[in-house]
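Please read the structure below before turning to the comments.
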Amino acid sequence: MSSQLETLNSSIDEVAALFDVQLNDAPAPVEEREALKAAPKFGTVFSDHMARVTWKDGEGWTARRVEKYGPLQLDPAAAVLHYGQEIFEGLKAYRHADGSVWSFRPEENARRYIRSARRLALPELSVDDFIGSIAALVRTDIEWIPTGDEAALYLRPFMIATEAFLGVRPALEAEHLVIASPVGPYFSGGVHPVNIWISQDYARASRGGTGEAKCGGNYAASLLPQIQAAREGFDQVCFLDGQADPAIEELGGMNVFFVKANGDIVTPALSGSILRGVTRSSILQLIKDRDINVTEEHITLASLKAMLESGEIAEAFACGTAAVITPIGRLADHDFDVTINGGEPGKTTMDIREELTDIQNGRRPDRHGWLTRLA
Ligand code: COI
């Protein structure tokens, strides 16, 4: 495995220029586009174009292009439809006050995409092609980037196995695509505390499974527990590791942090079945910068319950690209039900949230060099 694949080796202009732009002959009229951008429900509105690269065994990645957004033509025998050979990423393009467009640590997403591809036996896409595809799409659909608080263009790179073959083996053909969606806050109603149900009945991942990869199957596995949580009156599910003395893992679409009453912060350690969140690692850095004691730990459900019930945990929050940082107001399972910080967003949670979103939106210095200019 060449380490060249895992680094951006050229300028953004150079990697974007590899994509042939075939413009949509019927883009959304300006007024319609502006109306769609104004208050979109997360993930429901898509821009005029998509980026695309094709892979064939023996040929490698070819046909880098940006084309009209639209339905894919897939053979009904395409491997992705039968065996779920698929991976995806999530990142955002932010428009800064001076009109420039930036993304947040896209090389980290590109590297995770490579690791996910390995786990799902899909071809590895270079960091250059990953970033080239998002830059080419963002430059083409630059007018789709919404402005305003919490607004961004959410980018969804994904890779599917397209070979028409029903035998169970890695497909010999695949497509990498990127679609773009103007978004506001992930949860409807803006930033407010969410209630979390801890699932003892279902796990999303197991030791040696695909939990660390960003693949559709992990999210499919989280849907039934999500229905169960909604029936109990909760917004999201927290998953355990499925071991005998179960430990807290993540929320399926988000990592989780706990702020203690003494100011220390703790988050579940990466176990091999937890997603390596880019937001998670950035938050860890921002907390260290504040000289707050932060640890990545094996947090058993029993110890979490004890800390919640004794008041040792003062705040909790979930984090991810889509949800940024979302306060947790209540945590429960069949045996306990605890309201955190009176069900209100905690101060530390909201301070870190403000710092992170300020950096992403160019309102504070980017002291760690996390931003990449796309346009
Ligand atoms: C993200 O935060 O970007 C995610 O991928 C989570 C989710 C929307 C599935």
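Somewhere in segment 228-235, is a residue closer than 25 Å to ILE131 by Cα and crowded, with 17+ Cβ neighbours inside 10 Å?
Within segment 228-235, not a single residue is closer than 25 Å to ILE131 by Cα and crowded, with 17+ Cβ neighbours inside 10 Å.
Can you work out which of the residues in segment 324-349 that are closer than 14 Å to HIS192 by Cα and part of a loop (DSSP other than H, G, I, E, B) is farthest from the ligand (Cβ to nearest atom)?
Ranking the qualifying residues of segment 324-349, first place goes to GLU344.
Table: residues versus (1) buried (at least 19 other Cβ atoms within 10 Å of the Cβ); (2) outside any strand (DSSP E or B); (3) within 16 Å of the ligand (Cβ to nearest atom); (4) charged (D, E, K, R).
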site: GLY148; (1), (2), (3), (4): no, yes, no, no
site: TYR154; (1), (2), (3), (4): yes, no, yes, no
site: PRO157; (1), (2), (3), (4): yes, no, yes, no
site: SER188; (1), (2), (3), (4): no, yes, yes, no
site: ILE198; (1), (2), (3), (4): yes, no, no, no
site: ASP201; (1), (2), (3), (4): no, yes, no, yes
site: LYS214; (1), (2), (3), (4): yes, yes, yes, yes
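Being more than 16 Å from the ligand (Cβ to nearest atom) and touching a helix residue (DSSP H, G or I) at 6+ places or on another chain (Cβ under 7 Å) is true for just one of ILE359, ILE313. Which residue is that?
Sole residue among the options that is more than 16 Å from the ligand (Cβ to nearest atom) and touching a helix residue (DSSP H, G or I) at 6+ places or on another chain (Cβ under 7 Å): ILE313.
Out of ARG169, ARG115, ARG156, I need the residue that is within 27 Å of GLU212 (Cβ to Cβ), outside the structural domain of ARG207 (by TED's automatic domain parsing) and free of Cβ contacts under 8 Å to residues at least 60 places away in the same chain. Which one?
Going through ARG169, ARG115, ARG156 in turn, just one is within 27 Å of GLU212 (Cβ to Cβ), outside the structural domain of ARG207 (by TED's automatic domain parsing) and free of Cβ contacts under 8 Å to residues at least 60 places away in the same chain: ARG169.
Being under 18 Å from VAL15 (Cβ atoms), of a type outside the set (Val, Ile, Thr) and part of a helix (DSSP H, G or I) is the filter here, so list the residues in segment 118-140 that pass it.
Within segment 118-140, ASP128, ASP129, PHE130, GLY132, SER133, ALA135, ALA136, LEU137, ARG139 qualify.
Would you call GLY209 in contact (Cβ under 8 Å) with a residue 24 or more places away in the chain and surrounded by fewer than 22 Cβ atoms within 10 Å (Cβ to Cβ)?
yes
Quick one: which of PHE239, PHE258 is more than 18 Å from PRO185 (Cα to Cα), without any contact (Cβ under 8 Å) to a residue 60 or more places away in the chain and within 16 Å of the ligand (Cβ to nearest atom)?
Going through PHE239, PHE258 in turn, just one is more than 18 Å from PRO185 (Cα to Cα), without any contact (Cβ under 8 Å) to a residue 60 or more places away in the chain and within 16 Å of the ligand (Cβ to nearest atom): PHE239.
Quick grid of which residues meet (1) within 17 Å of GLU89 (Cβ to Cβ); (2) in contact with a Cys (Cβ under 8 Å, 6 or more places away or on another chain); (3) within 16 Å of the ligand (Cβ to nearest atom):
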| residue | (1), (2), (3) |
| --- | --- |
| SER303 | no, no, no |
| GLU309 | no, no, no |
| PHE317 | no, no, yes |
| ALA322 | yes, no, yes |
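Return only the number of the condition from (1) surrounded by fewer than 18 Cβ atoms within 10 Å (Cβ to Cβ); (2) in a loop (DSSP other than H, G, I, E, B) that LYS288 does not satisfy.
Exception for LYS288: condition (2).
Give the residues of segment 261-273 that are in contact with a strand residue (DSSP E or B) (Cβ under 6 Å, 6 or more places away or on another chain) and touching a residue at least 60 places away in the same chain (Cβ under 8 Å), sorted by residue number.
ILE265
Hey, can you tell me all the residues within segment 291-301 that are assigned to a loop (DSSP other than H, G, I, E, B) and either over 25 Å from HIS368 (Cα atoms) or within 16 Å of the ligand (Cβ to nearest atom) (or both)?
HIS298, ILE299
Please go through (1) within 19 Å of VAL324 (Cβ to Cβ); (2) in contact (Cβ under 8 Å) with a residue 60 or more places away in the chain; (3) outside any loop (DSSP other than H, G, I, E, B) for ALA220 and return the number of the only condition it doesn't satisfy.
ALA220 satisfies every listed condition except (1).
Restricting the search to segment 246-283, which residues are in contact with a Cys (Cβ under 9 Å, 6 or more places away or on another chain) and hydrophobic (A, V, I, L, M, F, W, C)?
ILE248, LEU251, MET254, VAL256, PHE257, ILE283
Looking only at segment 91-106, count how many residues are within 16 Å of the ligand (Cβ to nearest atom) and not in a strand (DSSP E or B).
Total meeting the criteria: 2.
Within segment 351-375, count every residue that is part of a helix (DSSP H, G or I), over 20 Å from the mean Cα position of the chain (by Cα) and either farther than 15 Å from LEU284 by Cα or assigned by TED's automatic domain parsing to the domain that holds GLY263 (or both).
Final tally of qualifying residues: 0.
Of all residues in segment 55-92, how many are among the polar types (S, T, N, Q) and under 23 Å from the mean Cα position of the chain (by Cα)?
Matching residues across segment 55-92 total 1.
The values are calculated or read from the model by the stated rules, or taken from the named source; none is laboratory data. Every value quoted in this text rests on a predicted model; they were computed, and no experiment measured them. As a convention, Cβ positions derive from the backbone with ideal geometry for all residues, glycine included, and neighbour counts pool all protein chains shown.
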